[in-house]
Amino acid sequence: MVDPDSPSVRTMEELTTTRVHSRTNDKTSVFSDAQLTDLATAAKSTGTSLSTLKQIHRGVDAFMKLVALVRASNPGVFVQAGLGSAEDPTPWIVFTDHPGDAVQRQLEQLPTDVDVLVGAPANESELDLQVEALVAALGAQDGIQSASAGVVEKGLTIKVSYTREQPQNGGGIPAESMTITHQALNAVAGKFADGELPVTVQFQESSDPISTSEAIRGGRDLNRADDNVAECTAGFAVDRNGERGILTAQHCRTGLRYQSSLGVIQYVTAARNSKSGRTDLQFHRKLPDISITKQFRATGTASSDDRTVDAAVNPVVGQTACHWGRTTGYSCSTIESTNFCVDYANWEVACNLDSTVTQIDQPGDSGGPWFLGTTAIGIHSGGGAGMSLFTRIGAATDFLDATVQQQ
């Protein structure tokens, strides 16, 4: 049912698509052993064949790195990027306007063709504002337990999910869905000068609230400093303002033991807030005489299962994403949405997140590493409503002034 009083959405012509053909002679598809392990794990959990995932991920490292460069150099027109599908494995980048010939020349050096789509109604910054405003508007309403929003469909749609609190002890009836969505949309439209929504919004009510993955049961890695009870999972090693240490999730406690031991790490600071929410990262420096490595736990608890970071790049839509958590161990899924915000049922509003198509986390996994092969892509935050959420690794630099240590 459409609410006739809801604000209008910007009009848009059909996107124009240009396929930029690779001009490099190197068209081979070489995967590291670590990447092959991750793709095989994702194949089992998603039901997509390994051969299909290998075809979709051909040249993924080079593509992710180039997307990061294009995004940084063209902030006014960049929208979103992603990998292809089983039907058409060609990766894609969406812009509001043509990014210029220099970008095309860069794309031609990739080992795979790339589809460039031009004519989107809103750039990434506008989509970020719309996502953050939607979550804030929903979270401000009485009776909303959790709310989330993220960019999907090549930057043309924002997918929203919310969970309503159930009446307790004869309490009032929660607001009707139409009222909830109407109030949120009108609050968001007021953020833009033209009074219109940049892109279409799809609402879905869920009975499964989204919560942070803080510890509620035993495990290992990061425990509470006071009583040594299991808390969270350590993330990647980073450098920050001349100090070395580790990342974990901001919603975890600040007083933490590393592997049950005191005197190893010390809390320094949490990440700065984004425009409308928390950045779910915090930094702990290593104490003197303590060594720290670039390795992270990936597929098991043996030291031979560790991997060494050799790159740190934000992931793209459709990409395989794996994580390690003290509770669930090693598992993989696929990126569904980027530029994601959530109003957690048991914490606060968090942004700078990505979401996956399946939920593969449990309490205790918070702060753990997300990766593909030996590329760091994020730090675990939470999950629910059939998805897992992690903070994009680029937020460590943007909001914490930290750089992931790399080989």
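Couple of notes before you dig in:
- Residue-level analysis places residue 397 among those that are within 19 Å of residue 251 (Cα to Cα), free of Cβ contacts under 8 Å to residues at least 40 places away in the same chain and not in a loop (DSSP other than H, G, I, E, B).
- Checking each residue in the range 247-268 for being part of a strand (DSSP E or B) and within 19 Å of the chain's Cα centre (by Cα) picks out 247, 248.
- Unique residue being crowded, with 22+ Cβ neighbours inside 10 Å, within 26 Å of residue 94 (Cβ to Cβ), out of contact with any helix residue (DSSP H, G or I) (no Cβ under 7 Å at 6 or more places or on another chain) and not hydrophobic (A, V, I, L, M, F, W, C) when the list is 279, 320, 356: 356
- Hey, residue 242 more than 25 Å from residue 388 (Cα to Cα), loosely packed, with under 15 Cβ neighbours inside 10 Å and modelled with pLDDT under 90 or not: no
- Pairing each residue of the range 236-249 that is in the same structural domain as residue 306 (by TED's automatic domain parsing) and touching a residue at least 24 places away in the same chain (Cβ under 8 Å) with any residue that is surrounded by fewer than 22 Cβ atoms within 10 Å (Cβ to Cβ) and part of a loop (DSSP other than H, G, I, E, B), provided the two are 6+ apart or on different chains, yields C-beta distances under 6 Å for 237/292; 237/294; 237/405; 240/401; 244/292.
- Among the residues of the range 314-335, those that are in a strand (DSSP E or B) and among the hydrophobic types (A, V, I, L, M, F, W, C) comprise 317, 321, 322, 324, 332, 335.
- Summed over the range 42-54, the residues that are among the polar types (S, T, N, Q) and under 11 Å from residue 334 (Cα atoms) give a count of 3.
- Listed by position, the helices (runs of 4 or more DSSP H) enclosed by the range 21-116 that each have at least 1 residues that are over 26 Å from residue 359 (Cα atoms) and among the charged types (D, E, K, R) are 60-73, 101-107.
- The set of residues in the range 138-162 that are within 19 Å of residue 207 (Cα to Cα) and either part of a helix (DSSP H, G or I) or among the aromatic types (Phe, Trp, Tyr) (or both) comprises 138, 139, 162.
- Residues in the range 370-385 that are at pLDDT 95 or above, part of a strand (DSSP E or B) and not hydrophobic (A, V, I, L, M, F, W, C) were compared, and the one that is surrounded by the most Cβ atoms within 10 Å (Cβ to Cβ) is 381.
- Filter result for residue 336 (acidic (Asp, Glu), surrounded by fewer than 24 Cβ atoms within 10 Å (Cβ to Cβ), under 14 Å from the mean Cα position of the chain (by Cα) and on the phi < 0 side of the Ramachandran plot): yes
The values are calculated or read from the model by the stated rules, or taken from the named source; none is laboratory data. What you are looking at is a predicted structure, and each value in this text was computed from that prediction instead of being measured. With ideal geometry, Cβ positions are generated from the backbone for all residues, glycine too; neighbour counts draw on all protein chains shown.
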